[in-house]
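Below is one structure, written out as structure tokens; comments come after it.
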Amino acid sequence: MRLTSGLGMIAKLCVLALLATLLGALVAARTPYLRTGSSNRAVYQVIAKAKAPAEGTRVLVLGDSVCAQLYPPGADVDGLVSLASNCGSSLIGQRLLLENWLEANPSVRGISVVLMVVPDTLGNDLANPFTYSNLIKPFWRREWRSRFDPQEQARIGQFRFAWLSQNPLVQLSDWCPTSYPHFDPRPGIDDLWLSPISALELTKMEALAKARGCTFTVWPGVWRESKRKLDTAPFIRQVESAGLGSCLGAYLARVRYVPDQQFQDRVHLIDPKPLGRDPMHFLAAGNR
């Protein structure tokens, strides 16, 4: 009698476990935090690439998705290594990529480190729908969390379920916090703005490069011709106030303007191939 009762209890537990598994599968299919696909695959690819030795490098390029159009990570030019990712990784992600690459290439000295980012990336204060998938998920690792500044840690802590980001079931989310104030007025896609987080990370990246005897410059990439009308005065004041003239002082002078009709969404080119494999001439002597 007892044996039968015991078997019945085991059967009930098995049924409950099966139901829980089916429920979990259903939730995973319907909840954005538990999707199985991943649009941040490119970020993981450049993280892996940043950890690999790269002999013969003369120029290291980091940047957002516009940079990735011009310098695809999978199509390096001889002497140039690209770790371009996207705006959602923010400059925190760019700095962590640089740290990893320098750790994997301890003997490198005297190369050019270039960060190519459009104004929208410079203004990124983490309050956008791409932060969870492209910064928190790939970079908020236990071994790297101490590399985040306290204000950055507090910022990430505002994201719902940030503590679950390293669970392998949790893949994507476009949720971002909106209930707390931003560090600054939010810039529009065509505004020039430097967020405090970006200013902090630029200072760190410049120091990392200088410690290896490398140069560090920030480039704007290609912009629509119509953006010549931008009011640049507030941005220039921000750069001066942050003491970033050495890396950002020539940012506006380096813009390569392209006719508006060549852009697909006001930011990305329809076809970058006509600009060549080194469109900003980073490998040309004296053009840093």
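The values are calculated or read from the model by the stated rules, or taken from the named source; none is laboratory data. If you're wondering where the values come from, they're calculated on a predicted model, not measured in any experiment. Cβ: placed from backbone, ideal geometry, glycine included. Neighbour counts: every protein chain shown. For accessibility, only protein heavy atoms count, side chains too; no ligands or nucleic acids. Shrake-Rupley method; radii C 1.70, N 1.55, O 1.52, S 1.80 Å.
Taking the stated definitions as given, is Thr36 exposed (fewer than 12 other Cβ atoms within 10 Å of the Cβ), modelled with pLDDT under 95 and β-branched (Val, Ile, Thr)? The answer is yes for Thr36. Name the single residue, out of those in the stretch 150-170 being touching a residue at least 12 places away in the same chain (Cβ under 8 Å) and open to solvent by 40 Å² or more (accessible area, probe 1.4 Å), that is nearest to Leu91 (Cα to Cα). Checking each candidate, the answer is Gln151.
Name the pairs: first residue in the stretch 206-232 and over 22 Å from Ala242 (Cα atoms) and without any contact (Cβ under 8 Å) to a residue 60 or more places away in the chain, second residue part of a strand (DSSP E or B) and open to solvent by less than 50 Å² (accessible area, probe 1.4 Å), Cβ to Cβ under 6 Å, at least 6 apart or on different chains? Hits for this filter: Arg224/Phe263. Report yes if some residue within the stretch 130-140 is exposed (fewer than 12 other Cβ atoms within 10 Å of the Cβ) and either more than 19 Å from Val46 (Cα to Cα) or at pLDDT below 90 (or both); otherwise report no. Within the stretch 130-140, not a single residue is exposed (fewer than 12 other Cβ atoms within 10 Å of the Cβ) and either more than 19 Å from Val46 (Cα to Cα) or at pLDDT below 90 (or both).
Quick grid of which residues meet (1) part of a loop (DSSP other than H, G, I, E, B); (2) over 17 Å from Val66 (Cα atoms):
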residue: Phe216; (1), (2): no, yes
residue: Ser241; (1), (2): no, yes
residue: Ala253; (1), (2): no, yes
residue: Tyr257; (1), (2): no, no
residue: Val267; (1), (2): yes, no
residue: Leu283; (1), (2): yes, yes
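Here is the figure for the stretch 82-103: residues that are out of contact with any Gly (no Cβ under 9 Å at 6 or more places or on another chain), within 15 Å of Ala209 (Cβ to Cβ) and either among the small types (Gly, Ala, Ser) or open to solvent by less than 20 Å² (accessible area, probe 1.4 Å) (or both) total 8.
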